[in-house]
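The values are calculated or read from the model by the stated rules, or taken from the named source; none is laboratory data. Just so it is clear, the model here is predicted, and its values are computed rather than measured. So basically every Cβ, Gly included, is an ideal-geometry build from the backbone, and we count neighbours across all protein chains shown.
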Amino acid sequence: MKVKDHTSSLFARNILTFSIFASLIAAAPLARAQSSVSLYGLISVGLSYSSNAGGKPLYQMANGPQQPSRWGLKGQEDLGGGRSAIFDLENGFSITNGSAAQGGRLFGRQAWVGIADKNLGTITMGRQYDEMTKQLNWTESAVQFATYGAHVGDNDNIFDALRLQNSVRYESPVMAGLSFAGQYAFSNQAGAFSNNSAFSAGSTYVHGPFKVAVAMSQYNHPAAMDNSSGAVSDNYGFTSPFATSLGGSGVEKQRIFGVGAGYDFGIVQATLAYTNVLFDYMDTSGLRLQNAELSLTHNITPSLLVGAAYIYTTGKYSDSEKPHYNQVNLGIDYSLSRRTDVYLIGLYQRAGGAAQYAQIFSSTASTSNSETQVIAGIRTRF
């Protein structure tokens, strides 16, 4: 009996050992799962001349004309089965004086974490770009080559003047060239679900040299004075003549729709963008703006790019005031290496109708109906 008990006990121990060993083998792919964290960044600085900044010519050193300066940490951890955990923390700063951008936030440009699945898509949560930026920023010459040459006041947010806080975002996998995304940003205010909330959606399709995208966003009572912790709190309309009504009231609701298309003809790359923006103000007045832009870029050599763009913005206030703007962007960009380039950009804007003053993005409003800006600078990435 004792021998038999000993044999049974030994057999049981062998079975347990084998089970543990098999479990370790099964878990081995997880133990070998890859993870990484990357430090990245961009520094851009230039010398700028503005013909009329508040009534005077302005010569200055400009921070981040060809993309704002930034540094960040991004990472991913392989969770197995085509799934990974991902994050991005991105800080904006001024290279001219070292100060933090985006209201002094540590990670004011981006701060999000999420799960990516190659079959199901990606879900992220935090402070993120909306779909007007994510889907359409490639259509704008200001992103391609033209520094501050954005649509007036970045009224359609293609130039990412604002981000959405408290946002949850879903992005689909790319299926036959097609992808789509949507997000919702919470007000985070008890009893006021819509006070400074936002939502956004968009889609992009790519087929060879052809690309087309569509997007929309809605901001409900953005930058609300009684809810600074909501979806939109900083940089809302900071260089925009449309952030308040003609009577000085703030925005109750902003709705944006946009579509863009591009085609690489080989000798020239062409993009066309159209956006429609509705502002509902708290004094019950309103404004509709429409932006149309055509931009052309050409690589004379692999290192030398030249670009030209024309932007027309027209609007109508509910009291029938009709502002409009014409803008021309010209630029040349030369790559010294894969990471460093130098650029020379010229911008001209002319206001008409009810728009009495020109105002190129990021600059003080002109005291006349026209403004010229010239920027020369350098950009390096790491």
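In a strand (DSSP E or B), assigned by TED's automatic domain parsing to the domain that holds Gly149, out of contact with any Gly (no Cβ under 6 Å at 6 or more places or on another chain) and not basic (Lys, Arg), is that true of Gly331? Considered against the rule, which asks whether it is in a strand (DSSP E or B), assigned by TED's automatic domain parsing to the domain that holds Gly149, out of contact with any Gly (no Cβ under 6 Å at 6 or more places or on another chain) and not basic (Lys, Arg), Gly331 comes out as no. I'd like to check something: does segment 347-354 contain any residue that is in contact with a helix residue (DSSP H, G or I) (Cβ under 8 Å, 6 or more places away or on another chain) and touching a residue at least 12 places away in the same chain (Cβ under 8 Å)? Scanning segment 347-354 turns up at least one residue that is in contact with a helix residue (DSSP H, G or I) (Cβ under 8 Å, 6 or more places away or on another chain) and touching a residue at least 12 places away in the same chain (Cβ under 8 Å). Taking the criterion of being surrounded by fewer than 20 Cβ atoms within 10 Å (Cβ to Cβ) and within 22 Å of the chain's Cα centre (by Cα), the residues of segment 263-296 that qualify are Tyr263, Gln269, Ala270, Leu272, Tyr274, Asn276, Leu278, Gln290, Ala292, Leu294, Leu296.
Considering only residues in segment 116-170 that are surrounded by fewer than 24 Cβ atoms within 10 Å (Cβ to Cβ), at pLDDT 95 or above and aliphatic (A, V, I, L, M), the one that is farthest from Val342 (Cα to Cα) turns out to be Leu120.
Results for (1) in the same structural domain as Ser194 (by TED's automatic domain parsing); (2) of a type in the set (Phe, Trp, Tyr); (3) outside any loop (DSSP other than H, G, I, E, B), shown as yes or no for each residue.
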{"site": "Ala224", "(1), (2), (3)": "yes, no, no"}
{"site": "Ala231", "(1), (2), (3)": "yes, no, no"}
{"site": "Tyr236", "(1), (2), (3)": "yes, yes, no"}
{"site": "Pro241", "(1), (2), (3)": "yes, no, no"}
{"site": "Gly248", "(1), (2), (3)": "yes, no, no"}
{"site": "Lys253", "(1), (2), (3)": "yes, no, yes"}
{"site": "Ile256", "(1), (2), (3)": "yes, no, yes"}
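The strands (runs of 3 or more DSSP E) falling completely within segment 32-88 that include 1 or more residues that are under 30 Å from Arg350 (Cβ atoms) and assigned by TED's automatic domain parsing to the domain that holds Ile332 map to 35-53, 56-63.
Restricting to segment 292-328, and then to whatever is touching a strand residue (DSSP E or B) at 6+ places or on another chain (Cβ under 9 Å), outside any strand (DSSP E or B) and not polar (S, T, N, Q), can you tell me which residue is modelled with the lowest pLDDT? Taking the candidates together, the pick is Glu321. Within segment 186-212, if we keep just the residues that are aliphatic (A, V, I, L, M) and in contact with an Asp or Glu (Cβ under 9 Å, 6 or more places away or on another chain), the residue that is surrounded by the fewest Cβ atoms within 10 Å (Cβ to Cβ) turns out to be Ala192. Sort out which residues of segment 101-141 are assigned to a loop (DSSP other than H, G, I, E, B) and touching a Ser or Thr at 6+ places or on another chain (Cβ under 8 Å), and write them in order of number. Correct list: Ala101, Asp130, Glu140.
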